[in-house]
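The values are calculated or read from the model by the stated rules, or taken from the named source; none is laboratory data. Predicted, not measured: the structure shown is a model, and the values here were computed from it. Neighbour counts are summed over all protein chains in view; Cβ atoms, including those assigned to glycine, are modelled from backbone coordinates with ideal geometry. Side chains are part of the model used for accessible areas, which takes the heavy atoms of the whole protein and leaves out ligands, DNA and RNA. Shrake-Rupley method; radii C 1.70, N 1.55, O 1.52, S 1.80 Å.
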Amino acid sequence: MSRRPETLADAPLGRESAYPEHYDAGLLYPIPRAANRAPLGIEEGALPFVGEDEWHAFEVSWLNARGKPVVAVARFRLPADSPNLIESKSWKLYLNGFNQSRFVSRQAVIEILERDLSRAAGATVSVELFAVDDEALAPRRLPGECLDDLDIAIDDYTPSAEHLCVGDEVVEETLHSHLLKSNCPVTGQPDWGSVLIRYRGPRLDREGLLRYLVGYRQHQDFHEHCVEHIYMDLMARARPERLLVLARYVRRGGLDISPWRATPGEHPPTPLRLARQ
């Protein structure tokens, strides 16, 4: 059964909301990250990782100065050290407010988005706007080896770090799975995704890793915190020298979220989008 966290007491998620007729920055609903990080042992102001939350918005439109509609796809990047994330339905409602609002230029839209989102997140948010047929949005494949063909029995659908085991050999490899699924912490609706793990350290047992990842199947949490949960468990159990955890969630309501967390100095692959995003 889903429950509504106290941090979402006043959020629009799961409630009837009037379709915004005009642009309104007040629709954005920030959620402090600290409350969800505390149970993972992550102290505010002392993050054990670097990273970003990359969002794509596929339903972005506004009117130009003469009233003609403009459409675009937006890419947003929120730094992992921002005090707040932004609740996704409030973000969608905010973007819908642009639909019948006039702006003098594309750059003006970018500047307004960066200003409003940065205020809500408490840190600088970068914004890019793409034409809907831009080649930069073409789907690609995750690098590395896929775990999904492993023939294993699974009967545990809650995250358990006990499944994470390592050997003595130190390796450097990239693994991924498309079997990631978690649930919205409020509505209980499924959030489907793919996860990539790149590391240097003691070799991870692949069957155990896949069991662990499938364990999120009934777990209720935000996308960003699921990635941080995976990162912290891998660091605690495997103690790799370097680690990158990246999840690319399927879009819902015209938005997809792709958080990544890594040891300092690590970076995700070239910006990519999967076919089902």
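Numbers below:
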{"read-out": "Rounded accessible area per residue of segment 207-277, 1.4 Å, Å²", "value": "35 Å²"}
{"read-out": "Between 0 and 90°, nearest 10: helix 106-121 axis offset from the chain longest Cα axis", "value": "50 degrees"}
{"read-out": "Accessible-area composition of the chain, carbon plus sulfur, in percent [1.4 Å probe]", "value": "49 percent"}
{"read-out": "Cubic angstrom per residue, convex hull over Cα atoms of segment 141-270", "value": "108 Å³"}
{"read-out": "Of (1) 44, 21, 17; (2) 34, 20, 17; (3) 38, 19, 18, the label for semi-axes √(5λ) of the Cα gyration tensor in Å derived from the coordinates", "value": "(2)"}
{"read-out": "Longest segment of the chain lacking GluC sites (Glu not before Pro) that sit in a DSSP loop with at most 16 other Cβ atoms within 10 Å", "value": "45-240"}
{"read-out": "About the Cα centre, charge dipole magnitude for segment 181-236 (Lys/Arg +1, Asp/Glu -1 at Cβ), debye", "value": "300 debye"}
{"read-out": "Accessible area in square angstrom per residue, segment 68-201, 1.4 angstrom probe", "value": "48 Å²"}
{"read-out": "Per-residue [θ]222 nm for the chain (sum of -39500 (n - 2.57) over DSSP H runs n ≥ 4, rounded to 500)", "value": "-6000 deg cm²/dmol"}
{"read-out": "Relative contact order (%) - segment 134-251, alpha-carbon pairs under 8 angstrom, separation at least six", "value": "32 percent"}
